[in-house]
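Below: the structure, in structure tokens.
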Amino acid sequence: MTYLLIFISAVLVNNIVLSQFLGICPFLGVSKKISTALGMGVAVMFVMTFSTLATFLIYHTLLKPYNLEYMTTITFILVIAALVQMVEIIIKKASPPLYQALGIFLPLITTNCAVLGIAILTVQKDYALLPGVCFALANAMGFTLAIVIFAGIRERLAYTKIPQVLQGTPISLITAGLLSMAFMGFAGIGR
């Protein structure tokens with residue numbers, strides 16, 4: 001039951017992008033096409049889950065026992081950067097079109113505050129290993145859900161007549177705000 005609550009909470013109620021506002025840069029930048037958004041979501045899912053696993057182990061075996069907690073952020077950033085490099089190499093070999101579509105946003109996963117934020121939140125919330133990885137995977141799925149829904153809406157907006165002053169970034173931000181409000185409706189679940 002605990003894992004189900006973690007999943008529902010992370011994916012719908014406390015969505016990393018729409019409720020906690022982490023990961024906005026790729027959310028706005030890679031959400032013009034569903035295929036690109038899905039590719040970014042899968043890449044973030046892989047990096048977020050494995051970086052949380054790796055950072056959890058490093059934190060609990062090296063940093064905490066030796067009172068090096070002040071090194072948490074820099075250590076986590078280095079682990080995430082290494083994992084992103086691995087993902088970039090894998091995507092470049094496995095799917096060159098996806099690699100081209102993601103462009104500059106793939107290396108930007110390194111600085112995606114959602115990935116670093118979940119790794120740090122897992123440690124701060126004092127999760128055990130399995131619930132921590134579940135928390136990371138659920139947040140990554142929430143990120144993917146949000147970015148794919150947003151990309152679908154943006155694709156539809158491309159065929160809609162929008163006043164000139166709202167075209168581009170303004171309508172994207174308005175849409176993101178409305179999507180965030182829609183997800184706030186899930187906050188009543190479980191009460």
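The values are calculated or read from the model by the stated rules, or taken from the named source; none is laboratory data. Keep in mind it's a predicted model, so treat the numbers as computed, not measured. Neighbour counts are summed over all protein chains in view; Cβ atoms, including those assigned to glycine, are modelled from backbone coordinates with ideal geometry. Side chains included, ligands, DNA and RNA excluded: accessible areas come from the protein's heavy atoms. Shrake-Rupley method; radii C 1.70, N 1.55, O 1.52, S 1.80 Å.
A few notes on this one:
- Only residues that are surrounded by 11 or more Cβ atoms within 10 Å (Cβ to Cβ) and in a helix (DSSP H, G or I) were counted across the stretch 145-177, and they come to 21.
- Matching residues in the stretch 20-47 - criterion: being small (G, A, S) and either in contact with a Ser or Thr (Cβ under 7 Å, 6 or more places away or on another chain) or in a helix (DSSP H, G or I) (or both): G29, S35, A37, G39, G41, A43
- Inter-residue pairs, beta-carbon under 7 Å, first of a type in the set (A, V, I, L, M) and in the stretch 148-165, second open to solvent by 100 Å² or more (accessible area, probe 1.4 Å), 6+ apart: A151/K32; A151/K33
- Test for L108: is it in contact with a Cys (Cβ under 7 Å, 6 or more places away or on another chain) and touching a residue at least 40 places away in the same chain (Cβ under 8 Å): yes
- Answer residue from the stretch 82-110, given it is in a helix (DSSP H, G or I), surrounded by fewer than 16 Cβ atoms within 10 Å (Cβ to Cβ) and not aliphatic (A, V, I, L, M) and is nearest to the chain's Cα centre (by Cα) among those: P107
- Residue that is nearest to G23 (Cα to Cα), among those in the stretch 168-177 that are of a type outside the set (V, I, T) and in contact with a helix residue (DSSP H, G or I) (Cβ under 9 Å, 6 or more places away or on another chain): A176
- In the stretch 70-106, the residues that are hydroxyl-bearing (S, T, Y) and under 12 Å from G39 (Cα atoms): S95, Y99
- Output for the stretch 111-144, where each listed residue is outside any helix (DSSP H, G or I) and either crowded, with 17+ Cβ neighbours inside 10 Å or touching a residue at least 24 places away in the same chain (Cβ under 8 Å) (or both): N112, Y127
- Positions within the stretch 20-30 being farther than 16 Å from A119 by Cα, buried (at least 19 other Cβ atoms within 10 Å of the Cβ) and modelled with pLDDT of 90 or more, in sequence order: F27
- Selection of the stretch 69-81 for residues being surrounded by 13 or more Cβ atoms within 10 Å (Cβ to Cβ) and free of Cβ contacts under 8 Å to residues at least 12 places away in the same chain yields M71, L78.
- Scan of the stretch 131-167 for residues that are under 13 Å from L38 (Cα atoms), among the small types (G, A, S) and under 10 Å from the mean Cα position of the chain (by Cα), ordered by number: A140, G142, A146
- Candidate set: the stretch 40-68, residues that are open to solvent by 10 Å² or more (accessible area, probe 1.4 Å) and under 29 Å from I153 (Cβ atoms); chosen: the one nearest to the chain's Cα centre (by Cα): M45
- Unique match (being within 16 Å of L137 (Cβ to Cβ), modelled with pLDDT under 95, β-branched (V, I, T) and more than 12 Å from the chain's Cα centre (by Cα)) among I6, I77: I6
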